[in-house]
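In what follows, a single structure is set out as structure tokens and then discussed.
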Amino acid sequence: MAYGILGNSPINRASTNYTYSFIELLVPSSHRGILKEAEVYIAIAGTIKIKIFRDDGTNYLFIGEKSVSVGTGLNTISCWIPVEKGDLIGFYLSGGGQIDAATSGGNAPYHAGDVTTNTLKSTWAAQAYIHSIQGKIFARVGIL
């Protein structure tokens, strides 16, 4: 059973977004553990990379990702990415895919391209979108 979350409710929203790397800042990881499952609500099928980032004050540190093809509607994605309390979920869509999003009320900076390295926070542009992506965190058991 999951004991923590990060990200937003994966629901059908009024708009869509795509073609950039995004980080969801509104709901950081509530616990240290393993991101074992992510849910996304997809408007147009494609390939999504679920990403984990860590904010060190100056940079967004790239922690890991899971790439998978997704169909329209609600998708549940199995992952295995270690997370620390405060880590952030993000994503990148390709292959024409689009995620459902609300165009206001959020805080989801974006960066051109598929970000797979540490990047200066100042290179990310601000955006008020709320994307339909949420991760479920499970307790760490054993040696990682």
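Remind me, relative contact order of the chain in percent, using alpha carbon pairs under 8 angstrom and six or more residues apart? Before the final figure, lay out each step's value.
Values: 444 pairs, mean separation 57.5, N = 144.
It comes to 40 percent, rounded to a whole number.
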Fewest Cβ neighbours within 10 Å first, please rank 119, 76 accordingly. 76, 119
With 0.36 nm assigned to each residue of separation and the Cα-Cα distance removed, residue 67 to residue 80 gains 3.5 nm
Expressed in nm to one decimal, what extension gain is obtained for the pair residue 107 and residue 32 from 0.36 nm per residue of sequence separation less their Cα-Cα distance? 24.8 nm
Please list 3J(HN,Hα) in residue order for segment 130-138, calculated via the Karplus relation 6.51 cos²θ - 1.76 cosθ + 1.60 where θ = phi - 60°; whole Hz, with x for glycine and proline. 10, 9, 7, 9, 8, x, 10, 9, 10
Reach of residue 121 by Cα under 16 Å, taken over aspartates and glutamates that are not fewer than 8 positions away in the same chain: 24, 55, 56, 87
Return the long-range amide H neighbours of residue 86 (sequence gap of 5 or more, or a different chain), with a cut-off of under 5 Å between placed amide H atoms. 29, 30, 31
Among (1) 1.05; (2) 0.94; (3) 1.08, the entry that matches Rg/Rh (Cα atoms, Kirkwood Rh) as calculated here: (2)
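Can you compute the FRET efficiency between residue 11 and residue 118 using 1/(1 + (r/R0)^6), with r the Cβ-Cβ distance and R0 = 30 Å? Round to the nearest 0.05.
0.45
Counting pairs of alpha carbon atoms under 8 Å apart in space and at least six apart in sequence, what relative contact order in percent does segment 1-44 give? Before the final figure, lay out each step's value.
Working: 29 pairs, mean separation 23.8, N = 44.
Reported relative contact order: 54 percent.
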Separation in nanometres of the label points that stand 7 Å from Cα toward Cβ, at residue 59 and residue 25: 1.9
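Ranked highest first by the average count of other Cβ atoms within 10 Å around their residues, in what order do 24-34, 39-49 fall?
Peptide ranking by packing, descending: 39-49, 24-34.
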Eligible lysines near residue 36 by straight Cα distance, threshold 21 Å, same-chain separation 8 or greater: 49, 51, 66, 85, 136
Skipping prolines and chain starts, which residues have an amide H placed within reach, meaning under 5 Å, of the one on residue 118, given they are 5 or more residues away or on another chain? 62
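Bear in mind these aren't lab numbers, they're just calculated from the coordinates by the rules spelled out. Note that the structure is predicted; figures quoted are calculated from it, not measured. Cβ coordinates were reconstructed from backbone atoms using ideal geometry, including for glycine residues, and neighbour counts include every protein chain displayed.
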